[in-house]
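A short write-up of the structure that comes next.
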Amino acid sequence: MSPETVTAPAASPVKTERTQARARAARNRKYLVLASRVALLFAVLGLWEWLARAAVIDPFNFSMPSKIWDQIHTWVVDGTAQGSLWEQIWYTLYEALLGWIIGVVAGVLLGIALGRIRFLADVLGPYIKVLNALPRIVLAPIFLIWFGLGPASKVASAVVLVFFPVFFNAFQGAREVDRNLVANSRILGASNRQVTFQVVIPSATSWIFTSLHVSFGFALIGAIVGEYIGATKGLGLLVAASQGTFNAAGVYAAMAILAVVALLAEGLLTFLEKRLFRWKPAESGADR
Amino acid sequence: MNSQTSPAIELRGASKAFRTPSGALHTAVRDLDLTVGRGEFVAVVGPTGCGKSTTLTLVSGLEEPTEGEVLVAGEPVRGIGDKVGFVFQQDAVFPWRTVLSNVMAGPRFRGVPKAEAKERAREWLARVGLSSFEDRYPHQLSGGMRKRVALAATFVNDPEILLMDEPFSALDVQTRALMSDELLELWAGTGASVVFVTHDLEESIALADKVVVMTAGPATVKEVFEIDLPRPRKVEQVRMEPRFIEIYREIWSSLGEEVRITRERGAVNVA
């Protein structure tokens with residue numbers, strides 16, 4: 001008999017103590033990680049500030065955290081040259097979101113359709129490859145000519161950036177559906193339509209969702225680049241305007257705001273995904 | 001034969017060849033003649049990879065024979081019929097559906113109203129002993145429980161023909177014996193004809209009325225053995241009976257040869 005079983009009756013208080021100790025250790029580790037993160041942030045920002053103030057790096061070109069903070073503060077309180085900061089954020093978000101939605105819907109529909117209908121895939125396949133090979137960001141100036149300075153040209157560049165990753169993932173997802181699952185549903189009596197809607201689409205959702213995370217970033221890029229090239233409102237215009245007046249702090253400040261916006265959107269998407277994928281086994285190490 | 005009209009399943013000189021990715025023609029089964037009477041439980045045994053599963057896909061209508069004929073209830077098979085149930089080797093439950101919803105899938109696909117489908121699904125879940133798990137998702141169940149869900153999902157469609165492709169091979173030995181007993185119980189109430197593919201000779205004798213031994217691939221029927229063990233059977237007990245061991249020895253002398261041929265071929269391929 002093993003020693004554990006011999007001491008089993010007396011083990012319970014020892015065990016709870018041990019469990020507590022383990023929980024404490026886990027908690028401590030969490031705090032340590034958090035503290036280290038904050039410390040790292042302050043170290044980097046502090047170093048930057050110090051180097052700029054000591055004129056090791058040129059503050060005019062590289063700016064410094066305190067100036068960037070001041071710039072954000074000014075924008076929040078007094079507004080930007082193009083109007084209030086919130087309006088700029090809203091414009092960019094609106095363009096990115098609209099472009100994202102259009103791109104996602106088109107990508108998913110076409111991806112599933114081509115994944116399911118072989119004929120379509122064979123006919124359209126090469127053209128889609130050619131379009132994908134094109135560096136799509138160069139389309140932004142063309143869209144500016146076509147659709148003008150308003151939001152439409154930014155939405156269009158967001159759409160072309162979003163469409164392809166979503167399309168390829170949906171296509172792949174539709175192609176890689178478990179063959180057993182399809183065979184089983186057909187035996188159970190599913191029609192082609194039912195296979196598409198109740199087997200292919202649900203099993204492609206995890207593929208599609210992976211692309212949604214990446215593609216929202218792309219939508220933001222599309223909107224920002226569009227605004228940067230020419231616009232009347234938006235965060236991209238803020239970057240362009242700051243650059244035009246050699247205001248390095250302004251460029252960094254716009255970048256910081258963009259990062260926050262992107263992170264919030266990402267958080268929202270993760271939340272939705274968790275609700276949608278209750279059927280999936282929890283991945284180990286998923287809690288980052 | 002105890003059928004009123006035609007046998008449940010009839011294969012006449014059926015062959016099936018596939019194109020391999022390299023372009024060569026691979027014959028999985030050739031010149032297959034097999035008759036399954038109504039309500040009969042037939043087990044098909046053969047060496048690994050000999051084309052046993054192909055036989056099932058031909059009967060189910062998932063694949064068409066290259067040559068010969070496949071008849072179900074006297075009618076040639078054209079596409080997937082609604083009389084057929086199929087239990088796969090791997091898990092084929094829908095991971096995004098709950099247990100109840102999985103069992104409801106068949107009737108719902110076939111246009112049964114939701115309330116009735118739910119009622120029938122609950123009934124079959126009760127029979128496989130999973131009533132209290134109806135809201136779980138498949139990943140929350142054990143392998144044996146998932147198999148039970150698959151059985152319930154198949155039986156809820158009232159199949160006249162039940163095709164099973166090594167359904168229990170992924171389970172551990174104890175669970176497998178338990179599932180075999182449960183399968184016999186479920187089947188006893190339905191009068192369905194069963195074709196049960198396995199490479200486990202013990203399992204096939206314990207379950208079936210008739211054991212069909214296939215040759216090394218390309219597969220064809222080598223010999224058919226009637227199993228005269230009385231029903232109802234309990235898998236764990238029937239294995240101990242002298243008659244069982246006698247039958248086992250008899251069939252193994254036929255099957256063992258094919259297994260050896262397959263093994264030797266494998267050895268040649270490796271060398």
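The values are calculated or read from the model by the stated rules, or taken from the named source; none is laboratory data. Bear in mind the structure is a predicted one, so any value in this text is a computation, not a measurement. Neighbour counts run over all protein chains shown; Cβ positions are idealised from the backbone, glycine included. Remember, those area values only see protein heavy atoms, side chains included, never the ligands or the DNA or RNA. Shrake-Rupley method; radii C 1.70, N 1.55, O 1.52, S 1.80 Å.
Restricting the range B:224-242 to residues that are charged (D, E, K, R) and open to solvent by 80 Å² or more (accessible area, probe 1.4 Å) leaves a set whose member that is farthest from residue B:181 (Cα to Cα) is B:226. In the range B:222-243, the qualifying residues are those that are in contact with a strand residue (DSSP E or B) (Cβ under 6 Å, 6 or more places away or on another chain) and in contact (Cβ under 8 Å) with a residue 24 or more places away in the chain, and the one that is nearest to residue B:189 (Cα to Cα) is B:225. Inclusion of residue B:172 among residues that are surrounded by 19 or more Cβ atoms within 10 Å (Cβ to Cβ) and under 26 Å from residue B:47 (Cβ atoms) is not warranted. Looking only at residues of the range B:60-97 that are within 11 Å of the chain's Cα centre (by Cα) and more than 8 Å from chain A (Cβ to nearest Cβ), we find that the one that is most open to solvent (accessible area, probe 1.4 Å) is B:89. Within the range B:204-216, residues that are farther than 25 Å from residue B:178 by Cβ reach partners that are among the basic types (Lys, Arg) with beta carbons closer than 8 Å, at six or more positions or on different chains, in the pairs B:213/B:222; B:214/B:52; B:214/B:222; B:215/B:222; B:216/B:265. Residues in the range B:7-55 that are of a type in the set (S, T, N, Q) and under 18 Å from the mean Cα position of the chain (by Cα): B:35, B:48, B:53, B:54, B:55. In the range B:46-57, the residues that are at pLDDT below 90 and among the hydrophobic types (A, V, I, L, M, F, W, C) reach residues that are part of a helix (DSSP H, G or I) and open to solvent by 20 Å² or more (accessible area, probe 1.4 Å) with C-beta atoms within less than 7 angstrom, at least six apart or across chains, in these pairs: B:50/B:262. Within the option set B:165, B:158, being of a type in the set (D, E, K, R), open to solvent by 10 Å² or more (accessible area, probe 1.4 Å) and touching a strand residue (DSSP E or B) at 6+ places or on another chain (Cβ under 6 Å) holds for one residue only, B:165.
Screening residue A:178 against (1) touching a Ser or Thr at 6+ places or on another chain (Cβ under 8 Å); (2) modelled with pLDDT of 90 or more leaves a single unmet condition, (2).
If the condition is being open to solvent by 20 Å² or more (accessible area, probe 1.4 Å) and within 14 Å of chain B (Cβ to nearest Cβ), then the range A:194-223 contributes A:194, A:196, A:197, A:198, A:201, A:202, A:203, A:205, A:206, A:207, A:209. Over 16 Å from the mean Cα position of the chain (by Cα), open to solvent by less than 10 Å² (accessible area, probe 1.4 Å) and of a type in the set (Gly, Ala, Ser), is that true of residue B:208? For residue B:208, the condition - over 16 Å from the mean Cα position of the chain (by Cα), open to solvent by less than 10 Å² (accessible area, probe 1.4 Å) and of a type in the set (Gly, Ala, Ser) - is not met. Taking first residues from the range B:96-109 that are over 20 Å from residue A:204 (Cβ atoms) and partners that are surrounded by 24 or more Cβ atoms within 10 Å (Cβ to Cβ) and of a type in the set (Asp, Glu), no Cβ contact under 6 Å between residues at least 6 apart in sequence or on separate chains turns up. Against the test of being out of contact with any strand residue (DSSP E or B) (no Cβ under 8 Å at 6 or more places or on another chain), away from chain A (no Cβ under 14 Å), open to solvent by less than 50 Å² (accessible area, probe 1.4 Å) and not hydroxyl-bearing (Ser, Thr, Tyr), the options B:51, B:23 yield a single qualifying residue, B:23.
Residues that are out of contact with any Asp or Glu (no Cβ under 9 Å at 6 or more places or on another chain), among the hydroxyl-bearing types (Ser, Thr, Tyr) and either buried (at least 19 other Cβ atoms within 10 Å of the Cβ) or within 28 Å of residue B:31 (Cα to Cα) (or both): does the range B:244-254 have at least one? Checked against the condition, which is being out of contact with any Asp or Glu (no Cβ under 9 Å at 6 or more places or on another chain), among the hydroxyl-bearing types (Ser, Thr, Tyr) and either buried (at least 19 other Cβ atoms within 10 Å of the Cβ) or within 28 Å of residue B:31 (Cα to Cα) (or both), the range B:244-254 yields at least one hit. Among residues that are among the β-branched types (Val, Ile, Thr), over 22 Å from the mean Cα position of the chain (by Cα) and surrounded by fewer than 23 Cβ atoms within 10 Å (Cβ to Cβ), residue A:123 is included.
Report, by residue number, each residue of the range B:105-123 that is within 10 Å of chain A (Cβ to nearest Cβ) and open to solvent by less than 40 Å² (accessible area, probe 1.4 Å). Those that are within 10 Å of chain A (Cβ to nearest Cβ) and open to solvent by less than 40 Å² (accessible area, probe 1.4 Å): B:105, B:106, B:107, B:109, B:112. The residue list B:97, B:30, B:19 contains one member that is more than 23 Å from residue B:220 (Cβ to Cβ) and of a type outside the set (Phe, Trp, Tyr), which is B:97. Would you confirm, using the coordinates I've provided, whether residue A:88 is within 21 Å of the chain's Cα centre (by Cα), surrounded by 15 or more Cβ atoms within 10 Å (Cβ to Cβ) and more than 30 Å from residue A:204 (Cα to Cα)? It is true that residue A:88 is within 21 Å of the chain's Cα centre (by Cα), surrounded by 15 or more Cβ atoms within 10 Å (Cβ to Cβ) and more than 30 Å from residue A:204 (Cα to Cα).
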